[in-house]
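Report on the following structure.
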Amino acid sequence: HRCKQAQQEMLFYSPEMNQRSMARLKLSSELHHALERNELQLFYQAQYDCQSGNLVGAEALIRWLHPVRGFVSPAEFIPFAEETGLIIPIGEWVLLQAAKQLSQWDETNLHLPRLAINLSVRQFKANLPEQLTHLLSHLQLHPSRIELELTESMLMQSDAATISLLTRLKAAGFSLALDDFGTGYSNLSYLQRFPLDYLKIDQSFIRNLPDDSGSAGLVHAICGIARSLNLQLIAEGVETPEQLAFLQQLNCDHAQGFLLSRPQSSTEFEKLLIRKAEI
Ligand code: C2E
Ligand code: MG
Ligand code: MG
Ligand code: MG
């Protein structure tokens, strides 16, 4: 019976669907090879203190330079890598690459205070603190130099395992940031249960500042939440001086966006660090 059903399903399997799954299969094998072929790269985007204008850190953002397709956005291939499990080796590569880069900058006296790394749900598992601590100790980096960017979906279950994992990361010295805040789960009680350090306001709230009263009100409220829970606030996607002025007025802590600095290759970012070292 099952076999018949499968046969019937095959009959209804449209050429478009077939094409789609072929394309997925191709992408999957290409992404698999992207690692060994050195097609993946980390870009770095600076983060600044809103009041002093000092460079406080950077976020590492992955890039895939495909030999034929050119640049493929992480918004396209990261969700795909998560579905296929390829995010595990890619995520490990990101962690290693980011830590090595930070340590290399230390060695050349281009000290970057802190580097933020995006984690995917699949990486968020019990042995993460040990894996990270092991990696950093080899490079003589203190965990406080690394900020781990989590997503709301990781914090949705406030089960013992999640609490234990976050508590151990915190105890090891890592900074914990909640990325894309406000776009996911709406139950805010987890904010007080988990030992977070930073909230990153999603760029969708910043985009229409300062004129849109809805966005302005929400950003105002998010600032209040952060302040009363003793969390530092990072605004993402700051593109205009007016947006920055609005955030400064609200005493937002840090800002990141095209206005201040675009994500750039390590070579380009190094120039930014050199300029800073010269001041
Ligand atoms: P995200 O972590 O929220 O990263 C911020 C995104 O906003 C980045 O997109 C960045 O280039 C972009 N951005 C920064 N400033 C501005 C601005 O002023 N205006 C606008 N419109 N955009 C701005 P990107 O690099 O394309 O990355 C997209 C997403 O892919 C990231 O969102 C993150 O969720 C994911 N991602 C990137 N790198 C990694 C990684 O190494 N590991 C994992 N798991 N996910 C990653
Ligand atoms: Mg991020
Ligand atoms: Mg974000
Ligand atoms: Mg994100």
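The values are calculated or read from the model by the stated rules, or taken from the named source; none is laboratory data. Keep in mind that what you see is a predicted model, and the values were worked out from it rather than measured. All Cβ positions, even for glycine, are placed from backbone atoms using ideal geometry, and neighbour counts span all protein chains on display. Surface accessibility is based on the protein's heavy atoms, side chains included, excluding ligands, DNA and RNA. Shrake-Rupley method; radii C 1.70, N 1.55, O 1.52, S 1.80 Å.
Of Ser137, Ser120, Ser73, Ser153, which residue is without any contact (Cβ under 8 Å) to a residue 24 or more places away in the chain, polar (S, T, N, Q) and within 14 Å of ligand 1 (Cβ to nearest atom)?
Every option except Ser73 fails the conditions.
Report yes if Phe71 is under 28 Å from Gln157 (Cβ atoms) and either open to solvent by less than 10 Å² (accessible area, probe 1.4 Å) or aromatic (Phe, Trp, Tyr) (or both), otherwise no.
The answer is no for Phe71.
Which condition breaks for Thr183 when tested against (1) part of a helix (DSSP H, G or I); (2) of a type in the set (Val, Ile, Thr); (3) open to solvent by 40 Å² or more (accessible area, probe 1.4 Å)?
Result: Thr183 passes all but (1).
So Asn230 clears everything in (1) open to solvent by 10 Å² or more (accessible area, probe 1.4 Å); (2) in contact (Cβ under 8 Å) with a residue 12 or more places away in the chain; (3) not in a helix (DSSP H, G or I) except one condition, right? Which one?
(2)
Can we say Ser137 is within 19 Å of the chain's Cα centre (by Cα), under 30 Å from Asp106 (Cα atoms), surrounded by fewer than 20 Cβ atoms within 10 Å (Cβ to Cβ) and among the hydroxyl-bearing types (Ser, Thr, Tyr)?
No, not satisfied.
Quick check on this structure: which one of Ile206, Ile225, Ile163 is touching a residue at least 24 places away in the same chain (Cβ under 8 Å), farther than 21 Å from Ala255 by Cβ and either within 16 Å of ligand 2 (Cβ to nearest atom) or open to solvent by 30 Å² or more (accessible area, probe 1.4 Å) (or both)? Step through it out loud before you land on a result.
Numbers: Ile206 fails: farther than 21 Å from Ala255 by Cβ; Ile225 fails: farther than 21 Å from Ala255 by Cβ.
Only one candidate passes the filter, namely Ile163.
Which numbered condition trips up Ser213, out of (1) away from ligand 2 (no atom under 16 Å from the Cβ); (2) modelled with pLDDT under 95; (3) among the hydroxyl-bearing types (Ser, Thr, Tyr); (4) open to solvent by 20 Å² or more (accessible area, probe 1.4 Å)?
(2)
Regarding the range 9-18, can at least one residue be identified that is modelled with pLDDT of 80 or more, surrounded by 10 or more Cβ atoms within 10 Å (Cβ to Cβ) and assigned to a helix (DSSP H, G or I)?
Scanning the range 9-18, I find no residue that is modelled with pLDDT of 80 or more, surrounded by 10 or more Cβ atoms within 10 Å (Cβ to Cβ) and assigned to a helix (DSSP H, G or I), so the answer is no.
If a residue must be away from ligand 2 (no atom under 16 Å from the Cβ), hydrophobic (A, V, I, L, M, F, W, C) and either in contact with an Asp or Glu (Cβ under 7 Å, 6 or more places away or on another chain) or open to solvent by less than 40 Å² (accessible area, probe 1.4 Å) (or both), how many such residues does the range 186-203 contain?
So the answer is 2.
Could you tell me how many of the residues in the range 71-117 are in a strand (DSSP E or B) and within 15 Å of ligand 4 (Cβ to nearest atom)?
Count: 2.
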